[in-house]
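Asker: Submitted below is the structure of interest, expressed as structure tokens.
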Amino acid sequence: MKKLIRKILKEESSMESKVNSVIEKNGIFTTIKMFGGYERFQKLLPNYFSNRDHKVELINEIVDNNGDGGYVYLYEINGMDIKIWEEEIEDGHTHEDYITRVGDGSVGVSVWEYDEDGEMYDEEVDGYHIKLTQLKEEWLNKIFEILVGYYL
């Protein structure tokens, strides 16, 4: 029984080592496609994306391979942006922050004003970027799910 366990552990660590070698050579995005897609890759290395840096790496590679002008616009692939903040400003008006795009190692956030009836003004009020490495886990995971679901 001990021999069988050692053999299984050796095969698993050998497979992980082989997959990591392919990732180093080709990048994570290409490796996932080579191994038959995200679900199959997950079966080989089920804990690979529990590492935040690996998620960021895959997001960046997806954008590099599929971005329009260096960005992937969430509305174009998901049908909506990701709301991350809402703040009442005055007279029932609010400012709402939405992640609208991903690229260049960061997300672009647009700030929109809504009136007391919930109608959005035509022009964005402000915009800013947040580095993927500094993004809240909740939002990083959401972006990861959207991009993986669409591109892989």
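Please treat every number below as a calculation from the coordinates, not as lab data. Keep in mind the model is a prediction, meaning the values are calculated, not measured. Backbone-built Cβ (ideal geometry, glycine too); neighbour counts: all protein chains shown.
Asker: Between MET80 and ASP68, 0.36 nm times their residue separation minus their Cα-Cα distance comes to what?
Answerer: Details: separation 12, 0.36 × 12 = 4.32 nm, distance 1.70 nm.
Going from the current span to full extension adds 2.6 nm.
Asker: Using each residue's phi in region 41-57, evaluate 6.51 cos²θ - 1.76 cosθ + 1.60 at θ = phi - 60° and report the 3J(HN,Hα) Karplus result to the nearest Hz, with x for Gly and Pro.
Answerer: 4, 4, 5, 6, 10, x, 9, 4, 8, 6, 8, 4, 4, 5, 5, 4, 4
Asker: Evaluate the distance, in nm, between pseudo-label points positioned 7 Å from the Cα of GLU137 and of SER21 along their respective Cα→Cβ axes.
Answerer: 3.4 nm
Asker: Relative contact order of the chain: what whole-number percent is it, with Cα pairs under 8 angstrom and at least 6 residues apart?
Answerer: Details: 178 pairs, mean separation 24.8, N = 152.
Once normalised by length, the contact order is 16 percent.
Asker: Residues with amide H under 5 Å of SER106's amide H, sequence separation 5 or more or different chain, H placed in the peptide plane at 1.01 Å from N; which?
Answerer: LEU132
Asker: I need the calculated FRET efficiency for the pair ASN51 and HIS129, taking r as the beta carbon distance and R₀ as 22 Å, to the nearest 0.05. Walk me through the numbers on the way to the answer.
Answerer: On the way: r = 23 Å, r/R0 = 1.06.
Computed FRET efficiency for ASN51 and HIS129 comes out at 0.40.
Asker: Follow-up question, since we're still on this one. List the chymotrypsin sites (Phe, Trp or Tyr not before Pro) in region 93-133 that DSSP assigns to loop (not H, G, I, E or B) and whose Cβ has at most 11 other Cβ atoms within 10 Å. Which are they?
Answerer: Values: sites: TYR98, TRP112, TYR114, TYR121, TYR128; in loops: TYR121.
Sparse-neighbourhood loop chymotrypsin sites (Phe, Trp or Tyr not before Pro): TYR121.
Asker: Using Cα atoms only, what is the angle between the long axis of helix 137-151 and the major principal axis of the chain, expressed in degrees (0 to 90) to the nearest 10?
Answerer: That helix lies at roughly 70 degrees to the long axis.
Asker: Considering only Cα-Cα distances, which of the following residue pairs are longer than 23 Å: LYS55/LYS131; LYS43/LYS131; LYS55/LYS83; LYS43/LYS83?
Answerer: On the way: LYS55/LYS131 13 Å; LYS43/LYS131 30 Å; LYS55/LYS83 20 Å; LYS43/LYS83 32 Å.
With Cα atoms farther than 23 Å apart: LYS43/LYS131; LYS43/LYS83.
Asker: Along each of its three principal axes, how wide is the spread of alpha-carbon positions in region 32-152, in whole angstrom units, largest first?
Answerer: Cα spread of region 32-152 along its principal axes, largest to smallest: 55, 26, 22 Å.
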